[in-house]
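Written out below as structure tokens is the structure these notes cover.
The values are calculated or read from the model by the stated rules, or taken from the named source; none is laboratory data. As the structure is a computational prediction, the values presented were derived from the model and not from experiment. Cβ sites come from the backbone with ideal geometry, for glycine too, and all protein chains shown count toward neighbours.
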């Protein structure tokens, strides 16, 4: 994909320069409202990094008049987890906090701000940058780019620097899907759950692929995948695809049915997909070569299981940030994955490499040991003669690039 252009905070005119001057003066007011300029400039503020053409100087700004111990910027895999302290912002005035980071010009990631109440810094520090911090996460009110709506009610802002791959299908407000959405409640993987089928508005003479997505309660309800699929089809980036979305009931259910277990894959391949095609004989179904399963994290492992347990049904799989730490005994956690440790996922896939399935892997460059594990899986697949491709996106463990990778993967097919 061509690079993205015009990240937030690169608007022309005098406002960005005035904001930078105000921040350099530690928030001293020199007349007028600096916050009017901040809103006009948009944030984060992005400039070239002197002597580093591949980097950008990115300044984040937060406004709060509350009495605080601090404000934390949680930028995906840059200032979270073990690097959380790098996200502590500096007070630069009565009601302003700022932090400047040097980031790759190709970076795309989601971020939020958290206010640390007075007297709470020492208590919050050990859990800062994790889901257990106990702090409320806020999107950036001065970033005008569409926000990312993930699981639950969480909203995050998105930073896409100028050399990040374009995501035209997600750039604005994702359009409402123009096709037909069929919803049913079916027992799948042992529990009754919502299963949805989307048929796009395309001529019936055009072969229609079928994309199966896990985590459909996120992709269909929160992310607007169906509108993005329509947009990519209309622009000619991808060939037409119907979408079969399978919901999780909750997080424990997600953990129980995704990953390396085969029950969801088997029921989807042997029952749901034949049922879909039998109930909807009108489209000219494209067949196995364009029957695709896509997933992220645990869902990425599920997609890999589809390649090796149902290669007669799935002609391609998209596995983004697959949970390479997963084991059948459920004893391991993400933190247990080490750079050179063994991966059950890799062993399982390479024990029975899917010779006739196209495997499209994606990983974020900032995902730590995950990067080398996905690379080794890809290298092993290629050595076994599998049609495998690996794309490394500059980013973390993040819907911000997963959404683009999903469309990229379909386009590559």
Exercise for the section: Go through the residues of the range 190-198 one by one and say whether even a single one is over 25 Å from residue 391 (Cβ atoms), in contact (Cβ under 8 Å) with a residue 40 or more places away in the chain, out of contact with any strand residue (DSSP E or B) (no Cβ under 6 Å at 6 or more places or on another chain) and loosely packed, with under 14 Cβ neighbours inside 10 Å. Expected result: yes
Problem - Residue match in the range 103-113 (condition: out of contact with any strand residue (DSSP E or B) (no Cβ under 9 Å at 6 or more places or on another chain) and not in a strand (DSSP E or B)) - result: no
Practice task
Look at residue 253 and say whether it is under 17 Å from residue 192 (Cα atoms), touching a residue at least 24 places away in the same chain (Cβ under 8 Å) and surrounded by fewer than 16 Cβ atoms within 10 Å (Cβ to Cβ).
Solution key: yes
Fill in the blank from the handout: Per the list (1) on the phi < 0 side of the Ramachandran plot; (2) surrounded by fewer than 17 Cβ atoms within 10 Å (Cβ to Cβ), residue check on residue 236 breaks on (1)
Exercise for the section: Inspect all residues belonging to the range 173-187 and state whether any of them is without any contact (Cβ under 8 Å) to a residue 12 or more places away in the chain and in the same structural domain as residue 278 (by TED's automatic domain parsing). Expected result: yes
Practice task
Just one of (1) surrounded by fewer than 19 Cβ atoms within 10 Å (Cβ to Cβ); (2) within 23 Å of the chain's Cα centre (by Cα); (3) within 29 Å of residue 164 (Cβ to Cβ) trips up residue 382, so point out which.
Solution key: (2)
Problem - Whichever residue in the range 95-116 is over 30 Å from residue 53 (Cα atoms) and surrounded by 15 or more Cβ atoms within 10 Å (Cβ to Cβ) and, among such residues, is farthest from the chain's Cα centre (by Cα) - result: 116
Handout entry: Selection count where residues are at pLDDT 95 or above and closer than 29 Å to residue 107 by Cβ, scope the range 339-367
Key = 13
Exercise for the section: Might you let me know whether the range 34-46 holds any residue that is part of a strand (DSSP E or B), modelled with pLDDT of 95 or more and in contact with a helix residue (DSSP H, G or I) (Cβ under 8 Å, 6 or more places away or on another chain)? Expected result: yes
Exercise for the section: List the number of the failed condition for residue 81; all other conditions in (1) buried (at least 16 other Cβ atoms within 10 Å of the Cβ); (2) at pLDDT 95 or above; (3) closer than 29 Å to residue 392 by Cβ hold. Expected result: (2)
Fill in the blank from the handout: Of the residues in the range 146-171, those that are buried (at least 18 other Cβ atoms within 10 Å of the Cβ) and within 23 Å of residue 229 (Cβ to Cβ) number 9
Practice task
Confirm whether residue 2 is closer than 30 Å to residue 232 by Cα and modelled with pLDDT under 95.
Solution key: yes
Exercise for the section: Go through the range 45-80 residue by residue and tally those that are over 23 Å from the mean Cα position of the chain (by Cα) and over 14 Å from residue 105 (Cα atoms). Expected result: 11
Handout entry: Only one of 301, 313, 292, 349 that is assigned by TED's automatic domain parsing to the domain that holds residue 404, part of a helix (DSSP H, G or I), over 18 Å from the mean Cα position of the chain (by Cα) and crowded, with 20+ Cβ neighbours inside 10 Å
Key = 349
Practice task
Examine the range 264-282 for a residue that is buried (at least 20 other Cβ atoms within 10 Å of the Cβ), under 13 Å from residue 202 (Cα atoms) and either under 24 Å from the mean Cα position of the chain (by Cα) or touching a residue at least 12 places away in the same chain (Cβ under 8 Å) (or both), and state whether such a residue exists.
Solution key: no
Exercise for the section: Scan 220, 226, 186, 210 and give me the residue that is surrounded by 17 or more Cβ atoms within 10 Å (Cβ to Cβ), in contact with a strand residue (DSSP E or B) (Cβ under 8 Å, 6 or more places away or on another chain) and farther than 25 Å from residue 157 by Cβ. Expected result: 210
